[in-house]
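Read the figures in this text as sums done on the coordinates, not as results from a lab. Please read these numbers as outputs of a predicted model, since none were measured by experiment. As a convention, Cβ positions derive from the backbone with ideal geometry for all residues, glycine included, and neighbour counts pool all protein chains shown.
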């Protein structure tokens, strides 16, 4: 009877600890969601909700659904509401996963609270928010599937796997490493039902990619520049990995999860595979360029699970006074940083991360006071037009991406159609000593505005090579044939007769250090070209390779005044010998 009484007391203590933590965690995230200004990425994803699709240039659509779900609250809390709810649910699901291993609730709460990355995505709504939720949910249901692989659980797991892929493409890494850890899954008939459900539910996104010429695939695999390797790519990744796991205690979580034995437990084995696989995958990616600190997010889930189990079993270490003090300081520092974002000062606003959350509501109104209700075109980057749109509650902000920048969802949004041949206000952060430019003093710095009487823009026009050339000799000139299709709902004419803003055809050769060689093409065929709605024609363009051997990329660019020129073809490989 005494043993049963002790068990009841311990059980109630565990439930109380978890309930109190979940309540405080949820309230903290709600308050922060309401009183923290919007990050530019969140404003970009809010714009997705104005044009709901099965996919977007950068990401799948789950983040748009999360934001749309809270849109009945017309402020930052509404935009982040689903993130706060699903994050709290994720914490509870994590505990249900861990408690089967007789884990200590205090250890779990302390370790979860110490992970810096979990605090960031406790309230911020980006694709990482649904990714985190569905990753935890997948592991929770997968744990049950290993015990009972009946059809209903397989179908549920397939739906969750599809939701994971709809969240962020990184989700495929979790699925791959879980599968790699347990190849025997292929012997289960229900596993093939799981695969079929995943593919069927994810099919609309694949079809959207097909309809739009696979923009996400093109960008993530081909259009991104591969930069010359720098040692700091790798060292920064390793440092960020530890810091995101906990500024002072991340090393202990990583070490504890590494040391935790799996003892022939298939589920724990899958966690080890995910942890090692995610870490190694992004470590290798550092040799191709910078790896952002939040990319390995789903790798921190198995770390917390394994470390909680390990430290719960190692009570001698857990009860060390120095360790508890270290965790208290670590968590206090994180909470302090969260407060700094909500209540910034002039000094703290000098820190870029904090400044990114503040004063854009004022900035947007300062821009609007010049632009009135006309469309506003910003140069290079989705950030400013997205913030402008959110804080003016409109879709009048537009991003013109020049040839030195990358493409974004603004090349797919129907916004360009609404500003072509209309009056608009063009914003830059650089003065061209043009007396027609307005100088706009804003809380975010000086901007320069220029009125355009009638916007002439062809960002959606795409030149598709019929037979792209990859191997070139130094200074070699080749004539390549490109296919052009009119994507607009009106005929387009590339002639300059009677036009105030003239157009020119150019090609750009880019090396892997982001140095651009720009050549204008004298092409009478182009300036006499008219494309009716939906019609496709071909054009021959002469391109000359650089005078220095090396590996390059080249693409076509259309320049219309006063813009710098956009990217109007895929990035094509050019190996010059």
Practice task
May I have the pair-distance distribution P(r) for segment 462-576, computed from all Cα-Cα distances with 10 Å bins from 0 and rounded to whole percent?
Solution key: 13, 46, 30, 11, 0
Practice task
Apply the Kirkwood formula to segment 360-452: the hydrodynamic radius equals the inverse of the mean of 1/r over all pairs of different alpha-carbon atoms; give it in Å with one decimal.
Solution key: 13.3
Practice task
For n ≥ 4 DSSP H runs only, could you compute -39500 (n - 2.57) per run for the chain, divide by its residues and tell me the 222 nm figure to the nearest 500?
Solution key: -15500 deg cm²/dmol
Problem - Cubic angstrom per residue, convex hull over Cα atoms of segment 47-122 - result: 117
Exercise for the section: Arrange the peptides 191-202, 127-138, 209-220 so that the one whose residues have, on average, the most other Cβ atoms within 10 Å appears first. Expected result: 127-138, 191-202, 209-220
Exercise for the section: Could you tell me which of rounded, prolate or oblate describes segment 486-549, using a ≥ b ≥ c as the square roots of the eigenvalues of the alpha-carbon gyration tensor, with rounded for a/c under 1.5 and, failing that, prolate when a/b is larger than b/c and oblate otherwise? Expected result: prolate
Handout entry: Paramagnetic reach from residue 499 (point 7 Å along Cα→Cβ, amide N under 19 Å) across segment 395-414
Key = 400-403
Exercise for the section: Using only Cα atoms, tell me the angle between helix 128-147 and the longest principal axis of the chain; keep it within 0 to 90° and round to the nearest 10. Expected result: 40
Problem - Projected label distance in nm at residue 50 and residue 196, using a 7 Å step from Cα toward the beta-carbon - result: 4.3
Handout entry: Percentage relative contact order, the chain, counting C-alpha pairs under 8 Å, at least six apart
Key = 12
Problem - FRET E, pair residue 155, residue 235, Förster distance 41 Å, beta-carbon r, rounded to 0.05 - result: 0.35
Exercise for the section: Would you mind checking the tilt of helix 105-114 against the longest principal axis of the Cα atoms of the chain, expressed as 0 to 90 degrees and rounded to 10? Expected result: 20
Handout entry: Highest-first arrangement of 15-25, 31-41, where packing means the average Cβ count within 10 Å
Key = 31-41, 15-25
Exercise for the section: Return one number: the angle in degrees, 0 to 90 and rounded to the nearest 10, between the long axis of the Cα atoms of helix 300-313 and the longest principal axis of the Cα atoms of the chain. Expected result: 10
Problem - Cα-based shape type of segment 3-157, given that a ≥ b ≥ c are square roots of the gyration tensor eigenvalues and the cut on a/c is 1.5 - result: oblate
Handout entry: Residues of segment 534-577 with amide N under 15 Å of the 7 Å Cα→Cβ point at residue 517
Key = 542-556, 572-577
Practice task
Starting from the Cα of residue 438, move 7 Å in the Cα-to-Cβ direction to define the label point; list residues of segment 350-373 whose amide nitrogen is under 13 Å from there.
Solution key: 364-373
Problem - Rough spin-label spacing in nm, given labels placed 7 Å along Cα→Cβ, for residue 214 and residue 27 - result: 5.2
Handout entry: Residues 27, 252 arranged by fewest to most Cβ contacts within 10 Å
Key = 27, 252
Practice task
Order the peptides 256-263, 143-150 from the highest to the lowest mean number of other Cβ atoms within 10 Å of their residues.
Solution key: 256-263, 143-150
Exercise for the section: Under 1.5 on a/c is rounded, so check that first for the chain, then, if it is not, pick prolate when a/b is larger than b/c and oblate when it is not; a ≥ b ≥ c are the square roots of the alpha carbon gyration tensor eigenvalues. Expected result: prolate
Problem - Reduced Cα scattering model of segment 263-359, Debye log10 I(q)/I(0), q = 0.18 Å⁻¹ - result: -1.04
